[in-house]
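Enquirer: Sharing a structure below in structure tokens format, with a few things to ask.
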Amino acid sequence: MSSASSRPTASSPSGPPSGASDTTTTPILALDGVTKRFGGLPAVDDLSFAVRPGEVLGIIGPNGAGKSTLIGLIGGALAPTGGVITYAGRAIADLPPHRRAHLGIARTFQIAQPFVGLDVRDNVIVGALFGRRGLRRPQAARVADEVLERVHLAHKATLKGDQLTVADRKRLEMARALATNPRLLLLDEVMAGLTPTEVEQAVELIRAINRDGVTVLVVEHIMRAIKGVSDRILVLHHGRKIAEDLPDEVLADPKVIEAYLGERYARQRAAEREGATGANATDATDVTDTIDAESEWKGGLA
Ligand code: ADP
Ligand code: MG
């Protein structure tokens, strides 16, 4: 949440985050005019934004909006067709994923990709060895045990990757990313398939990771969860940014409501807001639950 004051690496100790226009700190991540085309069609289209150190940036948008492509571009699985990606002041678009991991960038995959022949613990050990230069296996094993506790997967450490439920595969993705000791953590729908209680646990975990000084990009479908964890939210639609603001502002934006719930709903909502005054005006702008209940692509299982 907007607890920038409690973060060691936050940019504005005296107040809440002030949005992308804050120029007092070097961004940990900056995209400038980034485009990714697949066979001529842009999945990410001329996208620019910056992330401050210590920030949690939520990324939302309908299915196919380009969210996973964006994570791939930052993590290094995909090369941009154009534009510049800067991490801690350095252009990284030409670096392979393992070099980016050594620099502190870690990601999860929306479709979990465990090594199915390895058990859970060894999967996480591989993550630790991949991300941290010069780590030896005994140290990597200690790191793995720590992060498995943290993501509530320690009791399944000896199961093979393909014996896990969807929710546990998500936990394993999280564990592998955390084992690399990231400074910038990219989460691609790690809450899909979790129960409401487990979602709350995951939100708490992300907050705790962030309090430790890790900057986080969270792609998520569950609106209540993303609203609860993000300092700001960026909205993608057809690969383009249609909004980037504080969570309450974004969720009151007719463009965003339209992208999620359709044009008719957005018009109805606007009329309600015009007619509403005082306390009613606040009620009329909170569409979080409506989006979670009615949006056709909510909680898409991967
Ligand atoms: P999101 O994660 O927001 O649902 P994606 O980034 O997965 O969206 O996809 C954005 C668009 O790019 C979609 O139209 C998708 O079909 C397309 N796309 C994604 N990955 C590939 C790929 N490897 N090859 C071709 N098209 C792709
Ligand atoms: Mg996706």
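Enquirer: Give just the number: which of (1) in the same structural domain as I226 (by TED's automatic domain parsing); (2) closer than 17 Å to D188 by Cβ does G89 not satisfy?
Expert: All conditions pass for G89, except number (2).
Enquirer: Just give me the residues in the stretch 58-71 being surrounded by fewer than 24 Cβ atoms within 10 Å (Cβ to Cβ) and either more than 15 Å from ligand 1 (Cβ to nearest atom) or within 14 Å of I85 (Cα to Cα) (or both), in sequence order.
Expert: T69, I71, listed by residue number.
Enquirer: In this structure, is I59 outside any strand (DSSP E or B) and within 16 Å of ligand 2 (Cβ to nearest atom)?
Expert: Working: outside any strand (DSSP E or B): no; within 16 Å of ligand 2 (Cβ to nearest atom): yes.
Against the criterion (outside any strand (DSSP E or B) and within 16 Å of ligand 2 (Cβ to nearest atom)), I59 does not qualify.
Enquirer: Going through the stretch 129-149 one residue at a time, which ones are under 22 Å from K170 (Cβ atoms) and modelled with pLDDT under 95?
Expert: Of everything in the stretch 129-149, those that are under 22 Å from K170 (Cβ atoms) and modelled with pLDDT under 95 turn out to be L129, F130, G131.
Enquirer: Determine whether K255 is under 30 Å from R37 (Cα atoms) and without any contact (Cβ under 8 Å) to a residue 60 or more places away in the chain. Give the derivation first.
Expert: Details: under 30 Å from R37 (Cα atoms): yes; without any contact (Cβ under 8 Å) to a residue 60 or more places away in the chain: yes.
When the stated conditions are applied, K255 passes them.
Enquirer: Take F49 and decide whether it is within 15 Å of ligand 2 (Cβ to nearest atom) and modelled with pLDDT of 95 or more. Before the answer, list the steps.
Expert: On the way: within 15 Å of ligand 2 (Cβ to nearest atom): no; modelled with pLDDT of 95 or more: yes.
Criteria not met by F49.
Enquirer: Another question, then. Please work out which one of (1) modelled with pLDDT under 95; (2) over 20 Å from the mean Cα position of the chain (by Cα); (3) within 16 Å of ligand 2 (Cβ to nearest atom) is the condition P42 fails and give its number.
Expert: Tallying (1) modelled with pLDDT under 95; (2) over 20 Å from the mean Cα position of the chain (by Cα); (3) within 16 Å of ligand 2 (Cβ to nearest atom), P42 fails exactly one: (1).
Enquirer: Which residues, taken from the stretch 73-86, are within 16 Å of ligand 2 (Cβ to nearest atom), closer than 18 Å to L41 by Cα and either in contact with a Phe, Trp or Tyr (Cβ under 9 Å, 6 or more places away or on another chain) or assigned to a loop (DSSP other than H, G, I, E, B) (or both)?
Expert: At the first step, the residues of the stretch 73-86 found to be within 16 Å of ligand 2 (Cβ to nearest atom) are 73-75, 77-78.
Then keep just the ones that are closer than 18 Å to L41 by Cα; that gives 73, 78.
Scanning the stretch 73-86 gives a single hit, L78.
Enquirer: Another question, then. Here is a list of conditions, (1) over 27 Å from L172 (Cα atoms); (2) within 16 Å of ligand 2 (Cβ to nearest atom), and V34 meets all of them except one; can you say which number that is?
Expert: Here V34 meets the rest and fails (2).
Enquirer: Let me ask you something else. Out of all the residues in the stretch 138-146, is one or more touching a residue at least 12 places away in the same chain (Cβ under 8 Å), within 16 Å of ligand 1 (Cβ to nearest atom) and of a type in the set (A, V, I, L, M)?
Expert: Here is the first cut: in the stretch 138-146, the ones touching a residue at least 12 places away in the same chain (Cβ under 8 Å) are 140-141, 143-145.
Cutting the leftovers down to within 16 Å of ligand 1 (Cβ to nearest atom) gives us none.
No, because not a single residue in the stretch 138-146 is touching a residue at least 12 places away in the same chain (Cβ under 8 Å), within 16 Å of ligand 1 (Cβ to nearest atom) and of a type in the set (A, V, I, L, M).
The values are calculated or read from the model by the stated rules, or taken from the named source; none is laboratory data. Everything numeric here is computed off the predicted structure, so don't read it as measured data. Virtual Cβ from ideal backbone geometry, glycine too; neighbours counted across all protein chains shown.
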